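**Student:** Okay, here's the structure, questions in a sec.
Readers should treat all values here as calculations from the given coordinates under stated rules, not as data from a laboratory. Worth saying up front: this structure is predicted, and the values here are computed from it rather than measured. Here Cβ is always computed from backbone atoms with ideal geometry, including for glycine, and neighbour counts include all displayed protein chains.
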């Protein structure tokens, strides 16, 4: 039995001796590699914060002292040290969440896993502690990548005014978010990484001058008055201290003793302090250390010895986009690509390789990405902004007021739209269609297969007087679903006559995007009950195609299937447009509720939310029985 197996709470960590910390760190890394390789998850970020997390739990008293993780994907070590060591069902239904979870432990505070929020959380908790007269500390752990987000700097500006609040900001500086961190802040931190001798130099000067008697002490006071200037020469850390926040570091983020000293000083200071820790993403696992792209930021099931996937993934939606956008870029020199610290995850790395001068990674700054895209459109370019669907939520105002209001030709490509499942509530890209439907002039495509995705992308970048959106899900792409009949704006992908002797009822089934296959299965099942069925799958669902509205009037019942929220979704829009034209055909809408969905596989969520073909068939037959 090792040290890790004896840990039930942070008290057990604090009870260990300093000499045991290297062994504990080694055990944790071995556990992470063995466990996460079996389940998949965020491996690289957690390998990088082992010593840092140990040190935080030895210095601070969680949960009395609140420890807040930015995004939370680096909280696996925190889970281990707070008594959660069953990783066998990590990110699966009923198992441990891949992010902090209040349902799991009182040591977990922030669940949302959207970056650059931890400092605002910490500021709020510290203010509440002050109002309530509590003497507790608040610790915010933020990666250097998250410091590229503007919200983090809004929080730092407020924290700087918190002169008497016990708040410690730990900057986990590994030079990366998903991939290497970019921008002016990253360059500044690079400088700090190379000037760790500053504190040693200052300590030497202090000792030497004090030993030389009164003249030396006078010289020390003079030198201390020039401290700010000296820091700017030897270690330009004014970036933080100009805000009025005490700075400690840089500290070796893999030296537990050094970290404990730095965090202890920060705790004793009793005011806002920044502790700058230099860490290495993927530390201690050779495959991760050698992965230049993202240091095994997130992995599927892998062979722990080699880091290679156990089962190679099928050709996915993101790869199709990556290929098509390069082809578009070759034809269109005005097309540029923008992303928010997710160059590789959203598939823009091949575009960057071909067109480095036309690729812009703005860091974790979705708002800036969108408004800068509006500026590029004004200046004659056609920007393609590629982000996860869940992260476009953060830039809705910019889509509305900077892009749509100015009729800017900007294309938004939303990866992982709909149900993503394993990463939990904050990563499901289920809000986009209901949210974007109210944006004037916006057109949105939900392609169902490779052919419609490629066609939608080509169409989207040809629109230069309004925003366009192309959304697609996470994972592998199924077989192409060709149209059996093409109406203007609507593909009819299936017609079913119904079995002999049936009731001859006519039903329109509409499959939005990745739900087109389910719509076909529903059509076949209804036909087996004698129902005549038309299955339609419009690629462009915003605005609602007129021919889709017309089809509603030609059928007795309409069933819509979508992988977004039902309230305000495509089905709701279709019913509204039909009603406006005096078409009162009853409709059944199948999709997601307005609710936060716990982490689980996509298949489980589809079944749990009654979104299968069998469920849609039962609902349609029940509705027909009432007509």
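**Student:** Hey, can you rank 116-123, 585-592 by average C-beta count inside 10 Å, highest first?
**Tutor:** 116-123, 585-592
**Student:** Starting from the Cα-Cα distance between residue 486 and residue 524, subtract it from 0.36 nm times their residue separation and give me the gain in nm to one decimal.
**Tutor:** Length gained between residue 486 and residue 524: 11.7 nm.
**Student:** Next up: Does segment 485-625 come out rounded, prolate or oblate by the C-alpha gyration tensor, with a ≥ b ≥ c the root eigenvalues, rounded set by a/c under 1.5 and, if not, prolate when a/b is larger than b/c and oblate if not?
**Tutor:** oblate
**Student:** With the contact rule set at Cα under 8 Å and sequence spacing of 6 or more, what percent relative contact order holds for the chain?
**Tutor:** Answer for the chain is 11 percent.
**Student:** Angle, helix 256-269 long axis vs. longest principal axis of the chain, Cα atoms, 0 to 90°, nearest 10?
**Tutor:** Rounded to the nearest ten degrees, it is 80.
**Student:** Could you work out how far helix 450-460 tilts from the main Cα principal axis of the chain, as a 0 to 90 degree angle to the nearest 10?
**Tutor:** So the inclination is approximately 80 degrees.
**Student:** Which shape class applies to segment 317-471: rounded if a/c is under 1.5, otherwise prolate when a/b exceeds b/c and oblate if not, where a ≥ b ≥ c are the square roots of the Cα gyration tensor eigenvalues?
**Tutor:** Since a/c stays below 1.5, the shape of segment 317-471 is classed as rounded.
**Student:** Mind ordering 511-522, 448-459, 100-111 by average Cβ neighbours within 10 Å, highest first?
**Tutor:** Ranked by mean Cβ neighbours within 10 Å, highest first: 511-522, 448-459, 100-111.
**Student:** Oh, and also: Taking 0.36 nm per residue of separation and subtracting the Cα-Cα distance, what length does fully extending residue 9 through residue 464 add?
**Tutor:** Extra length available between residue 9 and residue 464 comes to 158.1 nm.
**Student:** Once you have the Cα-Cα distance between residue 289 and residue 86, take 0.36 nm times their residue separation minus that, and quote the gain in nm to one decimal.
**Tutor:** Roughly 70.5 nm would be gained on extension.
**Student:** Could you work out [θ]222 nm for the chain from helices alone, using -39500 (n - 2.57) per DSSP H run of at least four and dividing by all its residues? Round to the nearest 500 deg cm²/dmol.
**Tutor:** Computed ellipticity for the chain at 222 nm equals -11000 deg cm²/dmol.
**Student:** Classify segment 275-369 as rounded, prolate or oblate, taking a ≥ b ≥ c as the square roots of the eigenvalues of its Cα gyration tensor: rounded when a/c is under 1.5, otherwise prolate if a/b is larger than b/c and oblate if not.
**Tutor:** Judged from the Cα gyration tensor, segment 275-369 comes out oblate (a/c at least 1.5, b/c at or above a/b).
**Student:** Using alpha-carbon pairs under 8 Å, 6+ residues apart, how would you state the relative contact order of segment 435-507 in percent?
**Tutor:** 26 percent
**Student:** Calculate how many DSSP beta bridges within segment 317-471 are antiparallel, expressed in % of all such bridges and rounded to the nearest 5.
**Tutor:** Rounded to the nearest five, the antiparallel share is 5 percent.
**Student:** Arranged from highest to lowest average of other beta-carbon atoms within 10 Å per residue, in what order do the peptides 327-336, 393-402 appear?
**Tutor:** Per-residue mean Cβ counts within 10 Å order the peptides as 393-402, 327-336.
**Student:** Among DSSP bridges having both ends in the chain, what percentage is antiparallel? Round to the nearest 5.
**Tutor:** Antiparallel: roughly 20 percent of the beta bridges in the chain.
**Student:** How far apart, in nm, are two points set 7 Å out from the Cα along the Cα-to-Cβ line at residue 379 and at residue 455?
**Tutor:** It works out to 3.6 nm between the two label points.
**Student:** Now a separate question. Mind pulling the angle between the C-alpha long axis of helix 214-225 and the longest principal axis of the chain? Nearest 10 degrees, somewhere in 0 to 90.
**Tutor:** On a 0 to 90 degree scale, this one is about 10.
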